[in-house]
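Undergrad: Here it is, the structure in full.
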Amino acid sequence: EIVAELGEKYLMDRLNPEEKTILDEFLTHGRAIRDEREKAAAESRDADVISLCRQWGGSTLVYRKRMQDAPAYRLNHEEIIKALEEGITYVDCMDPREAVTDDYGSLKAIRFEKMTDCGGGEWKPGGEIAELPARSVLVAAGTSPNVIYEKEQPGRLELDAKGRFFKGYKWVDGKLEPAQQTPADQGFFTSYHKDGHLISFYGDNHPVYAGSVVKAVASGKYGAQAVRGVFAPELARLSAADQPKRDADWKALVARLDDQLKVIVKEVIRLTPTIIEVVVRAPQAARNFKPGMFYRFQNYESNSVVVDGKRLQMEGIALTGAWVDKDKGLLSVIALELGLSSRLCGFLKPGEEVVAMGPTGFPSEVCGGENVLLFGGGLGNAVLFSIARAMKDAGSKVLYVAGYKNPQDLFHRADIEAACDQVIWAVDVDPAIPAQRPQDRSFVGNIVQATVAYAKGELGAQLFPLTETNRILAIGSDRMMAAVKNARYGALKEYINPNHEAIASINSPMQCMMKEVCAQCLQRHVDPVTGKEKYVFTCFNQDQHMDHVDWKHLNERLRQNTTQEKLANVWFDAIIKRHNLQHV
């Protein structure tokens, strides 16, 4: 359909050589599956898609130990049975050693070392190396419980003796008592008890039910009984005469929760040809916002537009709060129309209910009494001006370098100016963005070039000499932030205080955004002094030390699904043209 409406060249011009190779494989496999289904229907049999998948390499599950040692087998062996029925191949006693890449730098194989069982739960490398072809690799993040709240609020909730799970309590005669956390003595409450309020926990976070989806679901059944037990004495005292008041109180509670928790679109604003601002009423989400935090934003399936039998539903996308009005309960998020989901922001309507989970992430560190140099690139300026304002209000001097590809990409100018003491407006191409305040400056060129010119005194009076800079924060594309990192050791080295702190707001791919759960946002760090490697969850804290970030790794992660993303965009172009869809 896309080729018929827009032409094959329209699609192919958007793909690089690697993406064309991937697309060709997609099409080959898709046609083979279509042919097999048509053949199976003609022969009145089930389509044998599993055989086709195995011809193409299949799906292989590789485990370091034996199958019977795996949590899936020990806790719910039906998972293994169903996996084998679906054609998954199981390879055990193999430990990953090396990822092998192709000419494009993409994965083509994994090398494993055979492991030897030493008995008593001990394993050692056996020396034998095997290489398995692999184009997509999914790594199991393990079954560790998520106690991230304890990292954010140390000492608020007690942990068990091993520090893995929240310490469990049960409700007995109006008070909390420690539970052994065995099937016979399990507690669904944490140690928190304040003003009559309790906090419960379930699923993989509960030691009795961890490690299996089936058991995690069961925890809800038994946990609900424990919660009901808290209210049992009060329920027992209720009489028929109390019912009307109870019903009224319940309706009032539901109304209050709806008012505070529902997220309703108030306005959709086009800021530039490629940037959309969505203002929503979300009282609680706005009230809890701090500069630098973000939201998991998407529309509801039930509200999404249906076109040609397909719902225009957004995947969850990470959008940072631009500004909030806590008195009115308003929240602004700004999206760059890059992928299909972000483009769908332009089709949201006032009054539509959407999802804005959060705020999540960690707020940016707001410093006072410092000389702060901020770099904002394109959409990054939507994030940066609220951080800049907080730093200025805290008593820091804020020099803001705002960079854009084109002059028409500028938005929220007044907010940026109000948030800082001095702005350098940098634009890649003429015409320059004129400065409106006497202390501000204009420059045609990238942000590094603009900052060098400023440091040399070529742009006039300085807010402070860059040799007195205490802190640098950069927010923008991965390439822009990497350029700032490199410039600190190159073009800007002689002008920058060598003892400054440099932070970058990392834009890793994200999925769950629930802090250290799905691991889609993993970012590689390398200590510049020791060379020690580690991986961090960006959704826990997106502000990371600039010198520790592996920028090549970030760039590769950001382009891991470019073929699918470009196909989706071209398909949407065809849909818009076919139906003349209107958006802001």
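Undergrad: For K65, which lysines qualify as cross-link partners when the Cα separation must be under 22 Å and same-chain residues fewer than eight apart are set aside?
TA: Hits, sequence-local ones excluded: K82, K114, K124.
Undergrad: Expressed in nm to one decimal, what extension gain is obtained for the pair K349 and Q564 from 0.36 nm per residue of sequence separation less their Cα-Cα distance?
TA: 74.7 nm
Undergrad: Over 32 Å between Cα atoms: which of K221/K262; K245/K266; K349/K485; K405/K532; K485/K577 fall into that group?
TA: K245/K266; K349/K485; K405/K532; K485/K577
Undergrad: Which whole-number percentage describes the relative contact order of region 474-580, with Cα contacts under 8 Å and a sequence gap of 6 or more?
TA: Dividing the mean separation by the residue count of region 474-580 yields 25 percent.
Undergrad: Here's something else I'd like to know. Using each residue's phi in region 460-467, evaluate 6.51 cos²θ - 1.76 cosθ + 1.60 at θ = phi - 60° and report the 3J(HN,Hα) Karplus result to the nearest Hz, with x for Gly and Pro.
TA: So the Karplus estimates, Gly and Pro as x, are x, 4, 9, 5, 7, x, 5, 5 Hz.
Undergrad: In nm, what is the difference between 0.36 nm times the number of residues separating K552 and Q68 and their Cα-Cα distance?
TA: Gain on extension, K552 to Q68, equals 170.4 nm.
Undergrad: Could you order the peptides 450-463, 427-440, 336-349 from most to least packed, using the average number of other C-beta atoms within 10 Å per residue?
TA: 336-349, 450-463, 427-440
Undergrad: Tell me, what ³J(HN,Hα) does each residue in region 386-401 have, in order and in whole Hz, if you take phi through Karplus 6.51 cos²θ - 1.76 cosθ + 1.60 with θ = phi - 60° and put x for Gly and Pro?
TA: My calculation for region 386-401 gives 6, 5, 4, 5, 4, 5, 5, 5, 7, x, 8, 8, 10, 9, 10, 9 Hz in order.
Undergrad: Sticking with this one: How would region 1-89 be classified by its alpha-carbon gyration tensor: rounded, prolate or oblate, with rounded meaning a/c under 1.5 and the a/b versus b/c comparison settling the rest?
TA: Judged from the Cα gyration tensor, region 1-89 comes out oblate (a/c at least 1.5, b/c at or above a/b).
Undergrad: A further question follows. Straight distance only, please: which aspartates and glutamates reach the Cα of K456 with their own Cα at less than 20 Å, same-chain residues fewer than 8 apart left out?
TA: D421, D428, D440, E468, E494
Undergrad: Provide the per-residue ³J(HN,Hα) series for region 262-269, in order, calculated from phi with Karplus coefficients 6.51, -1.76, 1.60 and θ = phi - 60°, each as a whole number of Hz, with x at glycine and proline positions.
TA: Going residue by residue, I get 5, 10, 10, 5, 9, 7, 10, 10 Hz, with x marking Gly and Pro.
Undergrad: Sort the following peptides by mean Cβ neighbour count (other Cβ atoms within 10 Å, averaged over residues), highest first: 255-263, 185-193, 241-249.
TA: 185-193, 255-263, 241-249
Undergrad: Further question: Label points 7 Å out from Cα along the Cβ direction at V529 and V49: separation in nm?
TA: 5.4
Undergrad: Another question about this same structure. Roughly speaking, what is the stretch gain from T467 to L581, that is 0.36 nm per residue apart minus the C-alpha to C-alpha distance, in nm to one decimal?
TA: Result: 35.8 nm gained on full extension.
Undergrad: D102 to D35: FRET efficiency via 1/(1 + (r/R0)^6), r the Cβ-Cβ distance, R0 30 Å, to the nearest 0.05?
TA: 0.60
Undergrad: Return a whole-number percent for the relative contact order of region 208-321, with Cα pairs under 8 Å and 6 or more residues apart as the contact set.
TA: Relative contact order comes out at 15 percent.
Undergrad: What is the set of long-range amide H partners of G126 at a cut-off below 5 Å, with H atoms built 1.01 Å from backbone N?
TA: So G126 has HN proximity to K114, M115, T116.
Undergrad: Still on this structure, please answer the following. Under a 5 Å amide H to amide H cut-off, with H placed in plane at 1.01 Å, what residues pair with Y63 once short-range neighbours are removed?
TA: When sequence neighbours closer than 5 places are left aside, the close amide H contacts are V91, D92, C93, M94.
Undergrad: State the label only: which of (i) 1.35; (ii) 0.99; (iii) 1.04 corresponds to Rg/Rh (Cα atoms, Kirkwood Rh) computed from the shown model?
TA: (ii)
Undergrad: Distance between the C-alpha centers of region 484-513 and region 262-277? Whole Å please.
TA: After rounding, the separation between the Cα centres reads 30 Å.
Undergrad: For region 137-185, what class follows from the C-alpha gyration tensor (a ≥ b ≥ c being the square roots of its eigenvalues): rounded when a/c is under 1.5, otherwise prolate if a/b is larger than b/c, else oblate?
TA: It comes out oblate by the Cα gyration axes.
Undergrad: Same structure, new question: Rounded, prolate or oblate: pick one for region 55-94, where a ≥ b ≥ c are the square roots of the eigenvalues of its C-alpha gyration tensor, a/c under 1.5 means rounded, and failing that, prolate if a/b is larger than b/c, else oblate.
TA: Cα axes put region 55-94 in the oblate bin.
Undergrad: Under 5 Å between amide H atoms, partner at least 5 residues away or on a different chain: which partners does A179 have, H built in plane at 1.01 Å?
TA: G168, Y169, K170
All of the numbers you see were taken from the coordinates with simple rules; none came from a lab. The structure displayed is predicted, hence computed values, not measured ones. Neighbour counts are summed over all protein chains in view; Cβ atoms, including those assigned to glycine, are modelled from backbone coordinates with ideal geometry.
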